[in-house]
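Okay, so here's the structure we're looking at.
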Amino acid sequence: MPAKIWTGTLSFVLVSIPVDLTSALRRDRTSFHLMHRTDNMFLQRRMFCPRDNTFVPREHIVNGYETAKDEYVVVREEEYKALEPRRSQSIEISSFVDYGKIDSIYFDRPYYVLPQKGGLKAYQMLRRVMRQSGKAGIAKFVLHSREHLVAVKAGDRVLEMIMLHFHDQIRERREIFPERPKAKAAGVRAIKEEIMKAAGHYEPERYVDERRRRILEFLEEKAKQGQTVSVEQAEEEAGAGELEEQEDLIAVLEESLAKVKTKD
């Protein structure tokens, strides 16, 4: 059973169903640790100040967002914490739309919405109605300190949730390709014939990430040959902190300041 990443309720009107949220994706990234070639020790990431010629502990790190050339807004951790939205206790569906009419360019990450004990009957009724109607529920909720727009739809056996990009995150097609060239009828017919010859049903199991497969086979073969090393876990020094929260902060600031610049 995959790990739960969120627990709460799926709600609309007077209906509230206890559910768990889990990722629909397997963790299939081939991840490597950075190690010292001479002694196979894990390397540490530390923040270095070139002006003071010293490593900086995490509590002395702030974030700066560039608003103009060489001009930055400085944000401290406590200021960022005050901006974080409160964790959602419920995925509250605000409207239902035809799922097939949502432009796929808005699709991001897929999740499974699973029923908790006591909510199975209402869950299955909702899934059945949504499947028959082809409707998806649109909602906003907070996960990992970020607000997300989502579409909840009926899948095979379970409800599925697709995270959606907000409209202002998508680059307009006319910005990328402003021209609309006319196509010759003869060329259109020829291309259509070739497409129909290659037409068929989409079978996802036919397609494999060949690069990942080769890497895993290579690593498994090295392990079989005994080409492994034992590595001691060293304590991380102050100042070697993770950058995930900083990256989240930068993303939030980029979204906020982009909206301000648009208004100006």
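Tabulated values for the structure
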{"quantity": "Residues (of a type outside the set (A, V, I, L, M), in contact with a strand residue (DSSP E or B) (Cβ under 7 Å, 6 or more places away or on another chain) and not in a strand (DSSP E or B)) located in region 10-43", "calculated": "His33"}
{"quantity": "Filter pass, Lys153 being more than 16 Å from the chain's Cα centre (by Cα), touching a residue at least 12 places away in the same chain (Cβ under 8 Å) and under 22 Å from Val13 (Cβ atoms)", "calculated": "yes"}
{"quantity": "Among (1) over 20 Å from Ala24 (Cα atoms); (2) modelled with pLDDT under 90 - the single one Glu194 does not satisfy", "calculated": "(2)"}
{"quantity": "Residue among Val150, Val129, Val142, Val113 that is in contact with a Pro (Cβ under 7 Å, 6 or more places away or on another chain) and either modelled with pLDDT under 95 or surrounded by 15 or more Cβ atoms within 10 Å (Cβ to Cβ) (or both)", "calculated": "Val142"}
{"quantity": "Some residue of region 21-32 being surrounded by 15 or more Cβ atoms within 10 Å (Cβ to Cβ) and of a type in the set (Phe, Trp, Tyr)", "calculated": "no"}
{"quantity": "Matching residues in region 141-186 - criterion: being among the basic types (Lys, Arg) and closer than 30 Å to Lys121 by Cβ", "calculated": "Lys153, Arg157"}
{"quantity": "Answer from Thr67, Thr7 - the residue that is over 30 Å from Ile162 (Cα atoms) and either in a loop (DSSP other than H, G, I, E, B) or in contact with a strand residue (DSSP E or B) (Cβ under 7 Å, 6 or more places away or on another chain) (or both)", "calculated": "Thr67"}
{"quantity": "Test set (1) loosely packed, with under 11 Cβ neighbours inside 10 Å; (2) touching a residue at least 60 places away in the same chain (Cβ under 8 Å); (3) more than 30 Å from Glu210 (Cα to Cα) - Val15 fails condition number", "calculated": "(1)"}
{"quantity": "Sole exception among (1) hydrophobic (A, V, I, L, M, F, W, C); (2) more than 17 Å from Lys135 (Cα to Cα); (3) out of contact with any Phe, Trp or Tyr (no Cβ under 9 Å at 6 or more places or on another chain) for Ile102, by number", "calculated": "(2)"}
{"quantity": "Subset of region 57-92 [among the acidic types (Asp, Glu) and either touching a Leu at 6+ places or on another chain (Cβ under 8 Å) or closer than 30 Å to Val15 by Cα (or both)]", "calculated": "Glu84, Glu92"}
{"quantity": "Candidate set from region 78-125 (those that are in contact (Cβ under 8 Å) with a residue 24 or more places away in the chain and in a helix (DSSP H, G or I)); member that is farthest from Ala136 (Cα to Cα)", "calculated": "Tyr80"}
{"quantity": "Filter result (modelled with pLDDT of 90 or more and over 20 Å from Arg109 (Cα atoms)) within region 13-24", "calculated": "Ser16, Ile17, Pro18"}
{"quantity": "Failed item, numbered, when Leu43 is tested on (1) touching a residue at least 12 places away in the same chain (Cβ under 8 Å); (2) more than 22 Å from Ala154 (Cα to Cα); (3) hydrophobic (A, V, I, L, M, F, W, C)", "calculated": "(1)"}
{"quantity": "Residues that are assigned to a loop (DSSP other than H, G, I, E, B), touching a residue at least 24 places away in the same chain (Cβ under 8 Å) and of a type outside the set (A, V, I, L, M), drawn from region 46-64", "calculated": "Arg46, Pro57"}
{"quantity": "Filtered residues of region 129-177 (kept if farther than 17 Å from Thr7 by Cα and assigned to a loop (DSSP other than H, G, I, E, B))", "calculated": "Gly134, Gly155, Asp156, Arg157, His165, Phe166, Ile170, Arg171, Glu172, Phe177"}
{"quantity": "Top-ranked residue in region 156-191 [being free of Cβ contacts under 8 Å to residues at least 60 places away in the same chain and of a type in the set (Asp, Glu); ranked as surrounded by the most Cβ atoms within 10 Å (Cβ to Cβ)]", "calculated": "Glu172"}
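The values are calculated or read from the model by the stated rules, or taken from the named source; none is laboratory data. Just so we're clear, the structure is a prediction, and the values are computed from it rather than from any experiment. Heads up, the Cβs are rebuilt from the backbone with ideal geometry, glycines too, and the neighbour counts pull from every protein chain shown.
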